[in-house]
Amino acid sequence: MGQLSLALLNAAHEAVDTRRNFHRELDADLEEFHCPSGEFPDDFRYDGFVVTGSSASVYWDREWIGRLKTWVGDAVQAGVPALGVCYGHQLLADVLGGRVEGMGEYEIGYRTVEQDGENRLLDGIDETMTVFTTHSDHVIEAPPGATVFAKNGYGIHGFRKDHVFAVQFHPEYDMRTAKAVTKRKSEQLSTQRIEAVLEGIHAENYEAACEAKQLFDNFLAYTEAVRAERVGVN
């Protein structure tokens, strides 16, 4: 049936690093749309879609955010498998009826997240994961009918509902991106906090966090299975 076709809904204002990271991690035919610039797919012909991170908040009143929510809601309704990362996690939660709020603080740097029950997105990944995080909003209520499969002290880090999977952390980040994103927080965080996070961005932590990249292959395997089932039905 050939390579999977995915719509990459790039919600990042700093689009270049996000593009590079997802193209590296997803072995699929990616068609990218930079949503803050008003780029969106015309239809739902894709095998799956991915919503990336962003410096935006899902509750902001922006035209592009409204359009993204509409497209995502319609795609989910059409049964297209979805993966949300950070902002994408929050947006999918919002679209599906969950609640997203500001935290009043930042979770940033390499952190520990615990799996909460079994979920095929995290197959092959240790129950206690090292992951890179950077967010000041969080999902405080998962969507009705969703299963929460990852948590830490800051709250929900992963949920699934039907064909939708979402994680709060950033499995796609390389060290270059982690450092760049941290340095851009100089207006929100103290110099001391930023320096402490930067000190933690080293090869040992990055190698530990690379285990979570397995979730990309798991999502592709799931999407392939959904595609095969649809072909079989047709």
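Read the figures in this text as sums done on the coordinates, not as results from a lab. Since the structure is predicted, the reported quantities are computational estimates derived from the model, not experimental observations. Heads up, the Cβs are rebuilt from the backbone with ideal geometry, glycines too, and the neighbour counts pull from every protein chain shown.
Okay, here's what the table says:
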read-out	value
FRET efficiency, 1/(1 + (r/R0)^6) with R0 22 Å, evaluated for ARG45 and ASP123 via beta carbons	0.20
Two-site label geometry, TYR59 and LYS151: point separation in nm, points 7 Å out along Cα→Cβ	2.1 nm
Cleavage-rule hits, chymotrypsin sites (Phe, Trp or Tyr not before Pro), the stretch 33-90, DSSP coil, Cβ neighbours within 10 Å at most 15	PHE44, TYR59, TRP60
Expected 222 nm ellipticity per residue - DSSP helices of 4 or more, -39500 (n - 2.57), all of the chain, to 500	-10500 deg cm²/dmol
The chain - percent relative contact order, Cα under 8 Å, separation 6 or more	19 percent
FRET efficiency estimate (nearest 0.05) - Cβ-Cβ, GLU14 to ASP74, R0 30 angstrom	0.65
Reach of LYS69 by Cα under 21 Å, taken over lysines that are not fewer than 8 positions away in the same chain	LYS161
Only Lys, Arg (+1) and Asp, Glu (-1) charged, at Cβ; the chain dipole about Cα centre in debye	340 debye
FRET efficiency estimate (nearest 0.05) - Cβ-Cβ, GLU211 to SER136, R0 25 angstrom	0.45
29 Å tail of the calculated P(r), the stretch 3-231, as % of Cα pairs	19 percent
Chain lengthening between SER186 and GLU101 when straightened (0.36 nm per residue, less Cα-Cα)	28.4 nm
